[in-house]
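> Have a look at this one.
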Amino acid sequence: MAVAAAVFVVCGAGLFVSVLSPGSARADCVTLTSPQTTVSGAANFGKWTRSQVSNAAAIVAAGQRLKVPPRGWVVALATAMQESTLRMLANSKVPRSLDLPHEGIGLDHDSVGLFQQRPLPPDGQGRWGTVPELMNPQASAEKFYSALLRVGGWQDMSLPIAAQAVQRSAFPGAYAKWENDAALLAAHVAGLSNIELVGGGPPGAECGPPDAGTFVVSPGGWTQPVKAKFDRSNSFRSLDRPDHDGVDLMAARFTPIRAAAAGKVTVMTCNASTGNCDVDGSPSVKGCGWYIEIAHNSGAVTRYCHMARQPSVKVGDTVTAGHIVGYVGSSGNSSGPHLHFEVHLGAAAGTHAASSNAVDPVQFMETNGAPLGPDPR
């Protein structure tokens with residue numbers, strides 16, 4: 001296992017911290033290229049049937065053969081989940097497709113197959129390939145990957161943006177909801193416990209493309225908890241949400257969340273009203289989901305909500321500014337991946353971090369040399 005090196009350089013804006021390791025991967029990453037894992041799709045997995053898992057295995061195997069990074073497997077699977085629910089779809093407008101093995105009938109123009117690709121004339125009006133190619137799981141996956149690899153910077157894009165760059169769908173946001181399912185299924189058919197182990201996570205994930213690898217600690221000891229934009233409609237006690245005691249920082253799922261300053265973890269818990277923080281929440285669910293609070297020597301307490309999984313720290317742990325404490329998710333009262341970040345003053349001395357002692361995180365962090373944002377407007 002490679003050991004990461006941390007480089008500290010004092011600069012005018014504060015302390016510049018760069019976390020480096022061989023190949024730009026994090027210390028516990030296996031690889032960022034396409035590992036030769038054993039692909040299997042012989043049985044049901046969760047809600048996916050044997051035939052759907054078999055199609056997923058064919059997609060991952062095609063990615064391995066083309067040496068596509070594991071992140072590409074996840075993008076491909078999420079795309080096929082949205083386009084066909086991982087079923088080989090024929091189309092009555094493409095008669096030849098009905099003569100080939102299929103698992104359902106699609107209706108979208110002259111699109112066929114797992115990725116709903118349009119065949120070449122005379123069978124269709126597209127340019128993806130012949131009908132037999134598009135009705136073959138591995139061949140159609142290879143065509144998807146070839147198009148994905150031509151998209152500059154696709155590994156730094158969020159999943160729906162990368163998928164849309166290939167598919168040009170009328171519903172570009174629809175791919176996002178499949179990201180978790182795709183990551184789990186990719187890991188399953190590749191024989192892995194977690195796709196992040198081989199760099200299959202989204203930009204910023206622990207073992208995915210690095211979160212820029214750097215952060216800045218202000219002279220006062222503060223740093224951004226995530227590198228993300230915020231929207232003032234979801235900021236501190238906005239007109240639309242007067243009871244919102246923090247700010248929502250919009251970041252991709254599994255983006256690392258860092259301690260905003262040195263301190264001690266005082267809370268680490270799941271408080272979703274459903275009792276389950278290992279799944280996405282919704283606006284109807286109450287609570288922060290997986291969250292932590294850190295008490296800082298300055299007397300401030302910071303709160304970090306809606307993490308994707310159990311936080312990386314426990315109560316009593318001492319953390320430094322920039323320490324990774326968890327990963328962005330959507331647990332609890334949430335409609336999509338983001339970090340809900342709060343700052344409370346006076347709570348470190350024993351006062352509960354309550355609405356009565358919450359302050360505007362945007363103003364507080366700007367005052368302390370670690371401005372959040374920017375506001376996308």
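The values are calculated or read from the model by the stated rules, or taken from the named source; none is laboratory data. The structure presented is a predicted model; accordingly, all values stated were derived computationally and were not measured. Please note: Cβ atoms are built from the backbone with ideal geometry, for glycine as well, and neighbour counts cover all protein chains shown.
> Have a look at Y291, Y327 and point out the one that is under 23 Å from S273 (Cβ atoms), crowded, with 23+ Cβ neighbours inside 10 Å and modelled with pLDDT of 90 or more.
Details: Y327 fails: modelled with pLDDT of 90 or more.
Of the residues listed, the single one that is under 23 Å from S273 (Cβ atoms), crowded, with 23+ Cβ neighbours inside 10 Å and modelled with pLDDT of 90 or more is Y291.
> Looking only at the range 40-53, decide whether some residue is among the hydrophobic types (A, V, I, L, M, F, W, C) and assigned to a helix (DSSP H, G or I). Reasoning before the result, please.
Of the range 40-53, the ones among the hydrophobic types (A, V, I, L, M, F, W, C) are 42-43, 45, 48, 53.
Among the residues that remain, those that are also assigned to a helix (DSSP H, G or I) are: 53.
Yes, because at least one residue in the range 40-53 is among the hydrophobic types (A, V, I, L, M, F, W, C) and assigned to a helix (DSSP H, G or I).
> Could you list, in sequence order, all residues of the range 66-97 that are assigned to a helix (DSSP H, G or I) and over 25 Å from the mean Cα position of the chain (by Cα)?
Just the residues of the range 66-97 that are assigned to a helix (DSSP H, G or I), to begin with: 70-84, 95-97.
Listed by number, the residues that qualify are P95, R96, S97.
> Consider S312 carefully, then state whether it is in a loop (DSSP other than H, G, I, E, B) and surrounded by 21 or more Cβ atoms within 10 Å (Cβ to Cβ).
Considered against the rule, which asks whether it is in a loop (DSSP other than H, G, I, E, B) and surrounded by 21 or more Cβ atoms within 10 Å (Cβ to Cβ), S312 comes out as no.
> State which residue is farthest from S218 (Cα to Cα) when the search covers only the range 255-304 and only residues that are small (G, A, S) and touching a strand residue (DSSP E or B) at 6+ places or on another chain (Cβ under 6 Å). Before the answer, list the steps.
From the range 255-304, those small (G, A, S) are 259-263, 272-273, 275, 281-282, 284, 287, 289, 295, 298-300; that's our starting set.
Next cut, touching a strand residue (DSSP E or B) at 6+ places or on another chain (Cβ under 6 Å) only: 259-260, 263, 289, 295, 300.
Working: A259: 13, A260: 10, G263: 15, G289: 29, A295: 18, A300: 16 Å.
Among residues in the range 255-304 that are small (G, A, S) and touching a strand residue (DSSP E or B) at 6+ places or on another chain (Cβ under 6 Å), the one farthest from S218 (Cα to Cα) is G289.
> Right, V343: of a type outside the set (K, R), buried (at least 21 other Cβ atoms within 10 Å of the Cβ), assigned by TED's automatic domain parsing to the domain that holds M250 and under 16 Å from H244 (Cα atoms) or not? Before you say what the answer is, go through the steps one by one.
Working: of a type outside the set (K, R): yes; buried (at least 21 other Cβ atoms within 10 Å of the Cβ): yes; assigned by TED's automatic domain parsing to the domain that holds M250: yes; under 16 Å from H244 (Cα atoms): yes.
Yes.
> Specify which of the listed residues (S298, S233, S238, S218) is modelled with pLDDT under 90, more than 22 Å from A354 (Cα to Cα) and more than 19 Å from the chain's Cα centre (by Cα).
S218
> If we scan the range 147-156, do we find a residue that is part of a loop (DSSP other than H, G, I, E, B) and in contact (Cβ under 8 Å) with a residue 24 or more places away in the chain?
Here is the first cut: in the range 147-156, the residues part of a loop (DSSP other than H, G, I, E, B) are 150-153.
Next, only the ones that are in contact (Cβ under 8 Å) with a residue 24 or more places away in the chain stay: none.
Within the range 147-156, none of the residues are part of a loop (DSSP other than H, G, I, E, B) and in contact (Cβ under 8 Å) with a residue 24 or more places away in the chain.
> Among the residues of the range 294-309, what is the count of those that are assigned to a strand (DSSP E or B) and either outside the structural domain of L345 (by TED's automatic domain parsing) or farther than 10 Å from F341 by Cα (or both)?
So the count comes out to 5.
> Here are the criteria: (1) closer than 21 Å to S51 by Cα; (2) of a type in the set (G, A, S); (3) at pLDDT 95 or above. Tell me which single one A147 does not satisfy.
(1)
> When you scan the range 35-44, do you find a residue that is closer than 21 Å to D156 by Cβ and either in contact with a Gly (Cβ under 8 Å, 6 or more places away or on another chain) or modelled with pLDDT under 95 (or both), even just one? I'd like the intermediate steps shown before the answer.
So the first thing to find is which residues in the range 35-44 are closer than 21 Å to D156 by Cβ, and the list is 35.
From the residues that got through so far, the ones that are either in contact with a Gly (Cβ under 8 Å, 6 or more places away or on another chain) or modelled with pLDDT under 95 (or both) too are 35.
Scanning the range 35-44, I find at least one residue that is closer than 21 Å to D156 by Cβ and either in contact with a Gly (Cβ under 8 Å, 6 or more places away or on another chain) or modelled with pLDDT under 95 (or both), so the answer is yes.
> If G299 meets every condition in (1) at positive phi; (2) touching a Cys at 6+ places or on another chain (Cβ under 9 Å); (3) of a type outside the set (A, V, I, L, M, F, W, C) apart from one, which number is that one?
The one condition G299 does not meet is (2).
> Right, another one. Going residue by residue through the range 278-286, is there one that turns out to be modelled with pLDDT of 90 or more, buried (at least 17 other Cβ atoms within 10 Å of the Cβ), of a type in the set (V, I, T) and part of a strand (DSSP E or B)?
no
> For the range 104-111, indicate whether the set of residues that are closer than 17 Å to S54 by Cα and outside any helix (DSSP H, G or I) is non-empty. First the steps, then the outcome.
From the range 104-111, those closer than 17 Å to S54 by Cα are 104; that's our starting set.
Then keep just the ones that are outside any helix (DSSP H, G or I); that gives 104.
Yes, the range 104-111 has at least one match.
> Show the residue pairs meeting these rules: Cβ distance below 7 Å; 6+ apart or different chains; first residue within the range 47-67 and at pLDDT below 95; second residue surrounded by fewer than 15 Cβ atoms within 10 Å (Cβ to Cβ).
R50/A43; R50/N44; V53/A43; V53/N44; Q64/Q36; K67/T33
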